[in-house]
Amino acid sequence: MEDQSRFVARPTSADRRNLHLPALRVARARMEPAVVGSGGGAAPRTELKTSTEMTAQSPEPQQSPVPQLPTQPRAVAAADPGAGPQRTARPAELARAILFSRDMELAQVLAEVAVGAGVQLLLCRDAAEAAEHREELILVGADAVAEVDARLATAALVFTGREENQDVLWRAAATCPGARVAVLPQAAPWLGEYLGELGLHAGRAHTAIVAGGAGGAGTTTFAALLAATLTLDGHRTLLLDADPHSAGIWPLLRAREPDGLGWEDLRNSRGQLSPGQLAEILPLAAGTAVLSWVRDPGCFVPSEALVTEVLAASRRIYEHIVIDAGHLAGIPGPMAALANTRLLVLPARGPAAAGAGRRLGEQAAHWRLILSGRLAPGTDTRELARRAGIEPGGYFAPSRRIERAAADGALMNVLAHRRLRAGITVLGSGAQDAAGQAA
């Protein structure tokens, strides 16, 4: 009898659609194509793991089954000799779905759909095994619908099979409130999008949005310093320039053009972005990965869909993501939904802070106010935050040292001063007890 303990799915065109970058050839000089599976000259393949195999393996996050270029671990280049411990790259995390079926031909088709969506499938062959994963999305093959019992009825289920099975699938779905049906091959595009939604929320990266309510508030400067501080604390960090009106972050960070790619090179990307490829092509500034415009700021404004794809991939490979979102009014909904911390930077003087909470409406409760610029004598930052209608997050004081470093393209060097770094850490936490503290 054929050994079905491990089943291999060849990649479809969806795999090869992962990332199409004309400029990626520059980076490929130091890379070799990765092949998953056995066979020296074999084409890249992906594997569907059984529940038993997954249990026997290490609990560390699994490498993405999407064929990709290998990522070499990169050490954090700390600007401060007293910085925290350096860390190498962690594996990219992957969203996972459960497949309850013994039909290996169906499993092959579903694995190809999952590969294109960047989702890993865990194969279970009986109801008891599948029930152990009832908190996850479960795909139920037509051959197994009769075995769905009370343990599985309340799980997120998708009944799937071929056209000749559709009557069985729809009857099974009628007995399980909320269950969905995917009749293949017609429903394959829908199922790919549905599984792709899992990838959007996969990963453990803590995401902080830094937005401004007025020009000149210091939003970009604060976002860059926050990202660099996290890197110096030993975290794998990405600084993401998502301000559609940005002049680019690199002039603040480096006097010369960085060695890597930017938004200009991602404009032709299609499909799911590979976390491994993304981490390899992005340039570094003092150990912090940066995605901004490299050569021609403003030549291309990334779409909401592209920004969302970048976030989905980045959440799987980075521990922290700091987003310079630009003006508060232009933040896409999916970006805001993925944020763990939301920081609004407003000048302490002027009308920008007044009524900011009213403009945010119900969302004001999710934001913390960072006041910046010079304060008038006797100013109470807590009172300013109360008038703005947003919880206080602290005060980011102006500094000639910071201004000079930014003008010289060496902004991150100011973090060699431990007191400043400690202040940025407190402000970046978004905690209410940060109010009144100055960085």
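The numbers here are math on the coordinates, done by the rules we state, and not lab data. Keep in mind that this is a model prediction, so the values were computed, not measured. Ideal geometry is used to build each Cβ from the backbone, glycine not excepted, and the neighbour counts take in all protein chains shown.
Spin-label model, D149 to R404: label points 7 Å out along the Cα-to-beta-carbon direction sit 7.5 nm apart. Taking amide H atoms as placed 1.01 Å from N in the peptide plane, the amide H of G161 lies under 5 Å from those of A182, L184, each 5 or more residues away in sequence or on another chain. Annotation: amide H of C124 within the under-5 Å range of L99, F100, S101, sequence separation 5 or more or interchain, hydrogens built in the peptide plane. What area, in nm² and to one decimal, does the C-alpha convex hull of the range 158-312 cast on average over all directions? So the Cα hull casts an average projection of 12.3 nm². Protection proxy ranking of 370-377, 113-120, 309-316, 157-164, by the mean of other Cβ atoms within 10 Å over each peptide's residues and highest first, is 113-120, 309-316, 157-164, 370-377.
Computed over the range 360-428, the percent of Cα pairs more than 20 Å apart is 41. Ordering 215-223, 121-129 by mean Cβ neighbour count within 10 Å, with the highest value first, yields 215-223, 121-129. Length, then width, then depth: along the principal axes, the Cα atoms of the range 115-237 run 62, 29, 25 Å.
Roughly how large, in nm² to one decimal, is the mean projection of the convex hull of the alpha-carbon atoms in the range 276-356?
7.3
Here's how it looks for A156: its modeled amide H is under 5 Å from those of I138, which are all 5 or more places away or on a different chain.
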